[in-house]
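K.L.:
A single structure is presented below for examination.
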Amino acid sequence: MNVRELLASIGGASRIAEDCELTVGRVSQWQTANYIPRAWLALLKARFPLVQWSSLKMAKSEAAGRAAAKPKQQKRKEARIIRLQQKLESLRQS
């Protein structure tokens, strides 16, 4: 189970953000990086003891998780650019 799946199983980013007094954006960064900082992980383990924490597969660090996510983000960005170019071309032709 990755960080996104884990957080979804305990209520999602909004609930975690509210419980931990964080922004939803910060919790989303954990999901993107597939990494929860040690202090927050300890807090979540204490708060949700019934979760199967042993099945959590995280990146070794936040930086490593972000580096792994970059190719996916790049592909999405390229796909958006292509769609915008196609839309622009169709507008020019009409």
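K.L.:
Which ones in the range 1-37 are acidic (Asp, Glu) and closer than 21 Å to Leu50 by Cα?
P.N.:
Residues satisfying the conditions are Glu5, Glu18, Asp19.
K.L.:
So which residues in the range 56-94 are small (Gly, Ala, Ser) and at pLDDT 85 or above?
P.N.:
Ser90
K.L.:
Taking the range 33-55 on its own, how many of its residues are within 19 Å of the chain's Cα centre (by Cα), hydroxyl-bearing (Ser, Thr, Tyr) and loosely packed, with under 14 Cβ neighbours inside 10 Å?
P.N.:
Selection size over the range 33-55: 1.
The values are calculated or read from the model by the stated rules, or taken from the named source; none is laboratory data. Since the structure is predicted, the reported quantities are computational estimates derived from the model, not experimental observations. Please note: Cβ atoms are built from the backbone with ideal geometry, for glycine as well, and neighbour counts cover all protein chains shown.
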